[in-house]
Each structure stands twice: as structure tokens, then as C-alpha cells.
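So the structure is just underneath, and the comments pick up after that.
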Amino acid sequence: MEEQRAGERPEEWVEAASLAQLRKRRRLGVTVAGRPIALFLVGDDVYALDDVCVHKQRSLSKGTVLNGRVICPGHQWLIDPATGRVEDRDECQPSHAVRIAGDAVYVDPRPRVLTEEH
């Protein structure tokens with residue numbers, strides 16, 4: 001999986017973990033440029049969300065993944081790991097672009113800006 005935005009410079013990507021680390025538990029809390037990030041392996045895709053839930057400030061990396069959704073350990077909110085959208089809520093969890101190079105997982109420390117289409 002590789003996702004990249006136009007005009008990005010390679011130095012904006014930060015190596016966050018290895019795929020081997022992520023495959024062990026399918027979720028992993030890391031720090032990228034001083035920001036707590038939760039990595040999730042869903043099928044063959046890797047996603048990155050801010051690790052601190054927008055609702056109850058719980059660590060999403062301590063939650064679970066079920067049916068392709070991240071379940072927050074605070075109040076079991078269902079979060080789409082690709083967009084950060086919270087099911088049946090107006091809140092949106094900040095998400096980050098991810099790219100894979102070999103065994104390395106790279107994360108853009110800048111949160112994505114969602115549009116109405118996404």
C-alpha cells in the first residue's frame with residue numbers, strides 16, 4: 001500500500017515501525033514527530049490514526065479491530081481506520097497518510113484534511 005499526496009517531499013515521511021512489529025498484534029502505538037499515533041493492520045492495509053481518541057482521550061492502540069473498524073476502548077465507538085470517521089457521530093479522528101517501503105512503515109506526521117467526498 002502506498003499513499004502519497006502531490007508535492008510531498010520525502011523528508012516529510014517518518015519511519016514509525018516495521019511490518020514485522022505490526023503483524024504481531026495488528027495494532028501498535030508509536031510516536032511520530034512527538035505525536036502519539038496508532039498503527040493498524042487491517043487485511044493487507046496499514047492505517048494510522050492519532051492514538052488519543054477525540055471522545056474520551058483513550059489510547060486507540062489499546063482498542064481492537066473488528067470487521068474493518070477500530071473499536072475505541074473508552075465507549076466502543078467504531079472508527080473507520082482509512083478516514084478517521086466515527087460511525088453514527090459527527091466527530092472525526094485525525095488520520096495520517098501511510099506508505100510502506102520494504103518492511104518499513106512510514107507515516108506523514110501531518111494529519112490529513114478530509115473533504116466532503118472522503
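The apolar share of the surface of the range 22-88, taken as the fraction of accessible area on carbon and sulfur atoms (1.4 Å probe, ligands and nucleic acids excluded), comes to 45 percent. Please report, to two decimal places, log10 I(q)/I(0) for the chain at q = 0.13, 0.19 Å⁻¹ as given by the Debye formula with identical point scatterers on the Cα atoms and no solvent. Per q value, in the given order, log10 I(q)/I(0) is -0.44, -0.97. The simple Förster model, with R0 at 22 Å and r as the Cβ-Cβ distance, assigns Thr83 and Glu15 a FRET efficiency of 0.40.
Rounded to the nearest 0.05, what FRET efficiency do His75 and Arg110 give with R0 = 25 Å and r taken as the Cβ-Cβ distance? Could you check?
0.35
Counting only residues 5 or more places away or on other chains, whose amide H sits under 5 Å from the amide H of Thr64 once H atoms are built in the peptide plane? Here Ile71 satisfy the definition.
Taking a ≥ b ≥ c as the square roots of the Cα gyration tensor eigenvalues, with a/c under 1.5 meaning rounded and otherwise prolate when a/b beats b/c, else oblate, which class fits the range 11-71?
Cα axes put the range 11-71 in the oblate bin.
Rolling a 1.4 angstrom probe over the protein heavy atoms with all chains in place gives the chain an accessible area of 57 Å² per residue. Rounded to whole numbers, the Karplus 3J(HN,Hα) couplings from phi for the range 92-109 are 9, 7, x, 10, 9, 5, 10, 9, 10, 9, x, 9, 8, 9, 10, 10, 7, x Hz, using 6.51 cos²θ - 1.76 cosθ + 1.60 with θ = phi - 60°, and x at Gly and Pro.
The values are calculated or read from the model by the stated rules, or taken from the named source; none is laboratory data. Bear in mind that the values here come from a model prediction, so they are computed numbers and not experimental data. Here Cβ is always computed from backbone atoms with ideal geometry, including for glycine, and neighbour counts include all displayed protein chains. When the accessible area is computed, the model is the full protein with side chains, heavy atoms only, and any ligands, DNA or RNA have been set aside. Shrake-Rupley method; radii C 1.70, N 1.55, O 1.52, S 1.80 Å.
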